[in-house]
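Data first, discussion second: the structure below is written as structure tokens.
Derivation of every value follows stated rules applied to the coordinates shown; laboratory data play no part. Model, not experiment: these values are computed from the prediction. When we count neighbours, we look across all protein chains shown, and the Cβ atoms used for this are built from the backbone with ideal geometry, even at glycine.
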Amino acid sequence: MNIAMILDMAADSFPERTALQCGDDRFSYSELRVAARALARHVRAAGAAHLALLDVNSPAAPIAIFAAAYAGVAYAPLNYRLTPEEINELVARIAPACIIAGPEHLARFDGRDELSVIARDTVLAMRTASDAEAPSLGEDPRAVAVLLFTSGTTGKPKAAILRHENLLSYIVGTVEFAAADEQDAIAVAVPPYHIAGISAVLSSTYACRRMVQLENFDAAAWLAACREHRVSNAFLVPTMLSRVVEYLLAADARPDLGSLRAIAYGGGKMPQSTIESAMRLFDGVDFTNAYGLTETSSTVAVLGPDEHRMAITSEDPQVRRRLSSVGRATGAVEIQVRDEAGVELPPESLGLVFVRGPQVSGEYDSLGSQLDSGGWFPTRDRGYLDADGYLYLDGRADDVIVRGGENISPGEIEDVLLTHPAVADAAVVAIPDEQWGEAVAAAVVLKPGTRVAEQELQDLVRERLRSSRVPQAILFKSELPYNDLGKVLRRVIRQDIARTGALGAAI
Amino acid sequence: MAITLKAGTRLKSAVCETQVMVIKAAAGEYAVQCGGAAMLAPNEDGAGELDPAQAGGTLIGKRYVNADESIEILCTKGGKGSLVLDGVPLEVKQAKQLPSSD
């Protein structure tokens with residue numbers, strides 16, 4: 001069992017079909033395999049245990065994913081936005097390794113023993129290598145295929161382990177081989193170090209669907225690339241879709257993408273107004289919401305196109321609210337919601353989300369498996385299921401504010417703050433409090449040209465929720481810190497609030 | 001020859017190009033044949049003649065199942081032989097229509 005089988009099947013069936021396009025460059029499945037096998041020989045000769053990538057999207061990323069599988073080593077894509085110190089730290093954790101770097105990233109880490117550096121262009125040139133004989137594939141289903149460093153929004157990055165059996169179960173459980181038509185294409189704008197970047201390569205290759213790679217995300221460039229390459233499918237994280245919607249609304253323009261049939265989104269909370277606007281702008285396009293985590297080899301729940309259309313046109317509030325759900329468990333996994341004591345909760349009860357299935361790895365380097373005795377993985381996401389199995393998420397368990405024994409969800413306070421006409425963005429975090437253990441604080445961004453007193457926002461929350469939810473400190477900021485995939489960095493906000501000493505008296 | 005099947009088990013035909021991977025399997029031992037001969041582990045060597053009566057062929061990417069779908073096998077390389085489990089031919093499973101999520 002080996003994910004390289006995915007590329008072998010595609011290259012055996014459609015050697016000449018275009019596998020990927022990046023700018024003016026293109027690779028057929030046959031070229032992709034030739035390059036991956038050549039890189040695998042290089043990695044083996046170097047005696048590496050990992051094949052790392054420090055680069056934006058390019059054909060080198062899919063080549064490296066499959067090369068690592070052919071060579072029997074783990075693929076470790078690194079976040080190119082990290083500082084040199086952070087990159088050096090990660091490199092030290094994966095040595096002995098080969099590392100592929102794009103031209104602008106080559107100088108961003110230190111050379112060291114047990115590290116062999118390969119320039120991106122060298123990898124791309126491997127498509128013309130002589131393809132001697134097929135390498136014998138490692139068959140151990142427990143071998144590590146991918147090592148993914150989580151974003152570390154709450155601390156030091158953890159390395160999630162994805163084994164060949166996890167990834168192959170996911171692909172075979174959710175994709176049909178060669179399901180794509182020859183003219184189909186998917187636009188991939190997520191960076192290679194994100195789980196969605198990995199699953200896009202594996203799913204697209206198994207479906208034999210051409211990938212159009214975008215180096216960096218920009219709304220205008222994304223629309224232009226979709227038009228130029230006649231893209232039929234796209235995956236976006238919510239912030240990307242928001243930017244596309246904002247761009248179109250500001251320009252008072254239609255998307256004008258005749259070939260686009262489907263947009264999938266996931267990787268964070270989608271504002272209801274964004275998806276509603278997107279469905280209006282991209283009339284006739286199929287929308288799919290995919291919920292998944294790095295530790296679950298990507299998607300575990302899906303809200304499909306028909307469910308989107310039914311929800312947006314329904315008069316029934318139970319059906320309409322599904323647009324704010326992440327859909328139902330895919331056939332390949334089970335989902336449960338449990339209380340703090342681990343007891344499964346009935347529908348509509350808020351608790352902790354657990355996932356089980358062969359694609360779920362739930363495992364970290366050095367921490368080991370986080371699965372319980374029944375094989376369930378605690379996602380640390382909070383949420384509830386409805387009677388029909390639709391899953392509604394309510395933030396991360398780690399972000400919950402525990403004030404005097406009471407659990408407070410930042411999300412509900414943020415939603416209230418955002419209803420104020422002057423508030424453009426808001427994030428609610430916990431701050432230490434002598435009396436209550438933790439207390440509520442907020443960082444708020446006001447719309448240009450508006451002013452609001454702290455008291456007014458506090459009154460709004462008190463009115464809508466209750467006094468324990470009232471932020472005792474509100475920090476006004478020009479913008480909130482986000483990572484490049486649109487995750488708000490609460491840790492940074494907590495530090496900001498602590499630094500400004502914006503602590504009022506307990507309310 | 002009966003063997004244990006479990007998800008991820010890879011087998012190859014002794015008499016044609018067919019290769020398969022087990023997607024799911026109920027516990028137990030099974031006799032899996034392709035083209036009239038017992039299938040082999042990927043590293044085993046075997047030889048034999050394709051049985052013309054068992055030459056319906058396999059198609060890459062197709063899923064093959066038994067009657068109650070307790071056994072599901074994915075063809076990873078097509079060949080001339082037909083797949084037979086405990087004397088009963090396996091059937092092609094209808095492809096699922098799933099929304100593309102990534």
**OP:** Restricting to the stretch A:400-500, compute how many DSSP beta bridges are antiparallel as a %, nearest 5.
**Re:** 75
**OP:** Just the number, please: percent antiparallel of the DSSP beta bridges in the stretch A:249-341, rounded to the nearest 5.
**Re:** 65
Original post:
Counting other Cβ atoms within 10 Å, which GluC sites (Glu not before Pro) in the stretch B:1-59 have at most 13 and lie in a DSSP loop?
Top reply: B:Glu44, B:Glu49
**OP:** Using DSSP, restrict attention to beta bridges with both residues in the protein assembly as shown and report what percent are antiparallel, rounded to the nearest 5.
**Re:** 65
Original post:
Can you give the FRET efficiency for B:Lys93 and A:Glu463, using 1/(1 + (r/R0)^6), R0 = 45 Å, r = Cβ-Cβ distance, to the nearest 0.05?
Top reply: 0.20
Original post:
If r is the Cβ-Cβ distance from B:Ser70 to A:Gln495 and R0 is 45 Å, what FRET efficiency results, to the nearest 0.05?
Top reply: 0.25
Original post:
If each residue's Cβ is checked for other Cβ atoms within 10 Å, how do A:Trp222, A:Trp436 rank with the fewest at the top?
Top reply: A:Trp436, A:Trp222
**OP:** Would you work out which of A:Leu303, A:Leu168, A:Ala250 lies farthest towards the positive end of the dipole of the protein assembly as shown? Charges go on Cβ: Lys and Arg +1, Asp and Glu -1.
**Re:** A:Ala250
**OP:** Among the lysines, select those whose C-alpha is under 20 Å from the C-alpha of A:Lys477, and discard any that sit fewer than 8 residues away in the same chain.
**Re:** A:Lys447, A:Lys487
**OP:** For A:Lys156, go through the aspartates and glutamates and keep the ones whose alpha-carbon is under 15 Å away, minus same-chain ones fewer than eight residues off.
**Re:** A:Glu85, A:Glu86, A:Glu89, A:Asp365, A:Asp398
Original post:
When a footprinting reagent is the concern and you count Cβ atoms within 10 Å, what order do B:Lys80, B:Lys93 take, fewest first?
Top reply: B:Lys93, B:Lys80
Subject >> Dipole magnitude of the stretch A:1-164, debye to nearest 20 (Cβ charges: Lys/Arg +1, Asp/Glu -1, about Cα centre) >> reply: 340
Original post:
In whole Å, what is the distance between the alpha-carbon centres of the stretch A:79-126 and the stretch B:12-86?
Top reply: 43
Original post:
Which GluC sites (Glu not before Pro) does the stretch A:128-219 hold that lie in a coil by DSSP with at most 13 other beta carbons within 10 Å?
Top reply: A:Glu133, A:Glu182
Original post:
In debye to the nearest 20, how big a dipole does the stretch A:332-396 give about its Cα centre with +1 on each Lys and Arg Cβ and -1 on each Asp and Glu Cβ?
Top reply: 160
**OP:** Add +1 for every Lys or Arg and -1 for every Asp or Glu among the other residues with Cβ under 9 Å from the Cβ of A:Ala311, and state the total.
**Re:** +3
**OP:** Would you please classify the overall shape of the stretch A:400-500 from the alpha carbon gyration tensor, given that a ≥ b ≥ c denote the square roots of the eigenvalues, rounded means a/c under 1.5, and beyond that prolate means a/b larger than b/c while oblate covers the rest?
**Re:** oblate
**OP:** Give the residue from A:Val237, A:Leu418, A:Thr122 lying farthest towards the positive end of the charge dipole for the protein assembly as shown; charges sit on Cβ (+1 for Lys and Arg, -1 for Asp and Glu) and the dipole is referred to the Cα centre.
**Re:** A:Thr122
Subject >> Exposure proxy ranking, count of Cβ atoms within 10 Å, fewest first, for B:Val22, A:Val146, A:Val445 >> reply: A:Val445, B:Val22, A:Val146
Subject >> Cα centre as origin, Lys/Arg/Asp/Glu Cβ charges: chain A dipole, Debye >> reply: 440
